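Beneath this line is the structure, given in structure tokens, with notes to follow.
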Amino acid sequence: MTVKALFEKLKVRYSKRTLSALGIILLAGLLIEIVALVQYNYAHSLLEEELDNRTESEMTLKAVRVRGILRSHESMTRNYLWPVRQQIHHPDKIYPIIERIVSTNPDVMSSFVAFVPDRYPEKGRLFEPSAYRSGGDSIVVRQLADPYNYTTREFYHEAVENGNASWSDPYFDEFASGEQVVTYSVPLTDENGNVVAAFGIDMATQSIVDTLNMKHEEESTFFLLLTEDGCLVAQPDSTHAKWKDVDTVVSLINDSTVERKRSASRHSKVITFVDGEDGSKAYIYYAFMRGRPHWQVVKVCYDDEVYSKLTRMRRNFILMMLAGFSLLGFILYRYNRNLRNLYESNLSKEHTASELHVAQNIQSKMLPTHGIHRRDVDVNGMQVTAFEVGGDLYDYLIRDEKLYFCIGDVSGKGVPSSLVMAVVHSYFRTFSQNMSNPGQLMCSFNEAASQDNETNMFVTLFIGVLDLPTGRLRYCNAGHDAPLILDHGVKPLPVNANLPIGLYSDFTYVQQETVLPPDTTLLLYTDGLTEAANRQRQLFGLQRIIDAAQASVEQNRTEPDELMRALYDESVRFADGAQRSDDLTMLAIHYHRLDETLVLSESLTLANDVKQVPELNNFVKSVADRLNLEPSLSSQLMLAVEEAAVNVMNYAYPIGTEGNVQIDAMATEHDLKFIITDQGKAFDPTLRTHVDTTLDVEDRPIGGLGILLVQSMMDTINYERYDGKNVLTLKKEYKKR
């Protein structure tokens with residue numbers, strides 16, 4: 001057989017194989033698309049259930065917030081009931097009291113005292129001292145009984161005739177403020193206990209609805225409040241919703257023929273409709289608030305925003321699949337032009353290189369891509385791998401004013417160690433969300449890494465938790481090189497060696513602790529730095545690291561980037577071109593600790609008795625008044641500190657045990673801290689994140705919805721236990737009026 005005939009025979013054979021391969025690829029593509037469609041539908045159903053649950057929680061929080069606003073105004077009205085009662089025999093002295101109510105409460109549009117007919121004949125048959133806002137900040141004080149008969153009003157009927165304190169339905173106040181308001185009225189009695197008047201306030205409904213629409217994850221989402229009969233309490237401003245959208249939502253809720261279903265949690269109803277303007281699909285969630293007023297909280301969200309990430313993921317998947325098919329087609333074309341052995345060899349190399357490149361990209365994306373640069377701490381890391389993939393890892397994150405960080409080195413080289421590195425990295429991200437004790441974290445890591453470890457691979461690991469306000473460093477070591485502390489000099493951090501993780505599942509790790517002074521740098525590294533070798537096979541060693549770090553201290557170059565670059569450059573100069581045999585990883589933390597000037601420092605000590613809550617509220621209000629804070633912020637602070645303090649009273653001390661709860665208020669020019677300290681049993685409320693939404697709001701434990709409410713109102717919550725004390729710090733940035 002001639003060379004030409006052999007070539008033609010091989011050509012026909014490769015063409016058939018190409019067609020066969022193309023058929024297999026097309027079939028695989030079809031199967032992938034079917035699987036992707038099934039996954040998409042499954043993911044869509046999961047997201048729909050998650051949307052129901054998330055919306056349920058969000059609506060519950062909104063209802064609690066509305067209820068809190070109403071209760072604060074109820075409490076304020078009851079507080080003024082006594083001074084008004086003292087002046088019922090001197091009706092003209094009532095005017096300054098109700099004027100003060102309106103002037104000191106921005107959300108109150110008017111205040112009034114509607115006396116029973118003929119109470120003061122000299123004033124006329126009907127007499128109603130009133131104070132109301134008119135034309136912005138001006139307040140008008142006058143007798144409002146003329147020209148309307150207030151005895152026909154709902155608030156008068158409930159307070160005077162039924163003796164009830166209640167909220168009215170929303171109505172337009174055409175005689176006073178000219179705003180959409182709701183009225184809260186209470187019966188006013190004389191010294192004999194006879195009801196002589198209805199005393200109350202008018203609150204603008206617009207402020208309540210604006211509060212509901214302050215923060216949203218999706219741009220088009222908005223909230224409404226409807227009365228029990230389905231009437232609109234107030235219209236959200238145009239930045240949140242249009243009149244047309246609001247009218248559509250209200251009409252759909254009130255239309256009994258519209259199809260609706262229960263949410264996944266069964267606590268709210270859902271209506272699905274199509275927006276007529278752009279044809280987009282939307283969802284209406286609504287549920288009744290508990291108690292009175294029995295209003296409906298409504299949330300409206302749109303399909304294109306709720307499922308935007310899922311749609312984008314599917315589109316990207318299709319594009320990637322098409323790109324992958326195009327690449328495979330090109331490879332098949334090249335395959336048909338080359339001899340079998342050469343093609344298979346190249347294909348194997350390309351496949352291996354592609355997998356390693358993907359693995360390298362995935363591994364690099366697991367590590368932090370940006371440092372942390374704050375006024376109190378700077379953190380950054382670097383890694384230089386010896387091969388395409390490595391077994392070193394480092395990570396860091398900030399949660400509840402604590403810096404969690406780790407550095408580790410997996411035994412072995414290449415792909416196996418990189419897989420173990422990825423698993424350990426995921427352990428850190430997962431476990432650090434619910435634990436703050438490095439010893440417990442290390443035990444959890446070790447238990448997970450030891451299960452089914454048939455390859456007997458192990459990991460040297462160092463975990464640290466730095467409390468940023470105090471500089472208290474808690475750490476645990478598992479066979480890793482001791483970090484270096486750089487302040488005025490360089491010294492190793494005292495550590496217990498311990499065993500690496502992954503060897504014995506029952507090994508017990510115990511945390512250590514120290515305090516980092518301000519302007520201190522902590523340097524962590526793997527043995528790729530100490531074992532960097534030169535051409536003569538000499539090792540870089542710990543002493544050269546200390547010398548290079550000392551030089552950086554003397555040059556005042558202890559910031560993470562400068563320090564790590566100096567150490568890396570020194571190791572490269574030492575290696576003198578020798579090939580690196582191990583991964584080199586460093587992590588540097590420069591701790592500053594803020595020592596800002598205090599503009600206020602107050603302290604209050606209470607017994608663990610919830611009956612002392614009014615004294616606590618007076619203390620918080622006094623602090624807010626001294627800082628000249630907005631009333632709404634003052635109310636939030638009172639609610640948050642009350643929730644946290646009552647939580648301590650209920651859980652820190654066993655039933656029947658007496659103890660104290662100390663509340664310290666410290667303010668700088670930028671932020672305000674409330675530090676709640678007790679000597680009770682160890683209890684971290686920030687870890688209690690589960691909320692039982694089947695319970696009434698009043699019955700839910702403080703560790704569930706209560707702590708979520710506190711977290712939503714404060715910027716940060718930080719828990720520490722030291723010297724036998726629980727220390728809970730609530731921090732809030734503020735602006736003065």
Area accessible to solvent at residue 670, 1.4 Å probe radius, in Å²: 100 Å²
Distance between segment 465-539 and segment 110-160 - C-alpha centres, whole angstrom: 74 Å
Pairwise centroid distance, computed over Cα atoms, of segment 363-430 with segment 57-96, Å: 54 Å
Of 629, 458, 180, farthest towards positive along the dipole that unit charges on Lys, Arg, Asp, Glu beta carbons give the chain: 458
Solvent-accessible surface (1.4 angstrom probe) belonging to residue 651, in square angstrom, nearest 10: 60 Å²
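Per residue, how much accessible area does segment 98-242 have with a 1.4 Å probe, in Å²?
Ligands and nucleic acids excluded, the figure is 42 Å² per residue.
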Chain lengthening between residue 169 and residue 537 when straightened (0.36 nm per residue, less Cα-Cα): 123.9 nm
Sequence of 619, 431 from largest to smallest accessible area, 1.4 Å probe: 431, 619
Pairwise FRET efficiency - residue 499 versus residue 455, Cβ, R0 = 25 Å, nearest 0.05: 0.90
Under 5 Å, built H, 5+ apart or other chain: amide partners of residue 716: 731
Radius of gyration and Dmax over the Cα atoms of the chain, both given in Å: 34.4, 132
Kirkwood Rh and Cα Rg combined as Rg/Rh, segment 267-330: 1.33
Amide H contacts under 5 Å for residue 722, placed H, 5+ residues apart: 727
Solvent-accessible ranking of 295, 167, 82, largest area first, probe 1.4 Å: 82, 167, 295
Heavy atoms of residue 722 accessible to a 1.4 Å probe, total area in Å² rounded to 10: 80 Å²
Under the span-like rule (Cα at least 27 Å along the axis, Kyte-Doolittle mean at least -1.0), DSSP H helices of the chain: 3-86, 308-335, 340-366, 631-651
Formal net charge of residues neighbouring residue 662 (Cβ-Cβ distance under 10 Å; K, R +1; D, E -1): -1
Across 309/732; 402/732; 402/731; 681/731; 62/261, pairs whose alpha-carbon gap is larger than 25 Å: 309/732
Ranked order, 20, 417 - accessible area, probe 1.4 Å, largest first: 20, 417
The chain, accessible surface, carbon-and-sulfur percent (1.4 angstrom probe): 52 percent
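Please state the shape class of segment 585-684: rounded when a/c is under 1.5, otherwise prolate if a/b exceeds b/c and oblate if not, all from the C-alpha gyration tensor.
Oblate shape, in that a/c is at least 1.5 and b/c is the bigger or equal ratio.
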Radius of gyration and Dmax over the Cα atoms of segment 447-577, both given in Å: 16.8, 49
Segment 426-491 shape via C-alpha gyration tensor axes, a/c threshold 1.5: oblate
Within the chain: Cβ-based charge dipole about Cα centre, in debye rounded to nearest 20 (Lys, Arg +1; Asp, Glu -1): 2600 debye
Per-bin percent of Cα-Cα distances, segment 139-225 [5 Å]: 3, 13, 18, 20, 16, 11, 8, 5, 4, 2, 1, 0
Computed [θ] at 222 nm, helices only, for the chain once each DSSP H run of length n ≥ 4 contributes -39500 (n - 2.57): -13000 deg cm²/dmol
Cβ-based charge dipole, the chain, positive-most Cα from 265, 552, 254: 552
Cβ-derived FRET efficiency at R0 56 Å, residue 292 paired with residue 562, nearest 0.05: 0.30
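The values are calculated or read from the model by the stated rules, or taken from the named source; none is laboratory data. This is a predicted model, so every value here is computed, not measured. Note that each Cβ is placed from the backbone with ideal geometry, even for glycine, and that neighbours are counted across all protein chains shown. Ligands, DNA and RNA are excluded from the accessible area calculation, which covers all protein heavy atoms including side chains. Shrake-Rupley method; radii C 1.70, N 1.55, O 1.52, S 1.80 Å.
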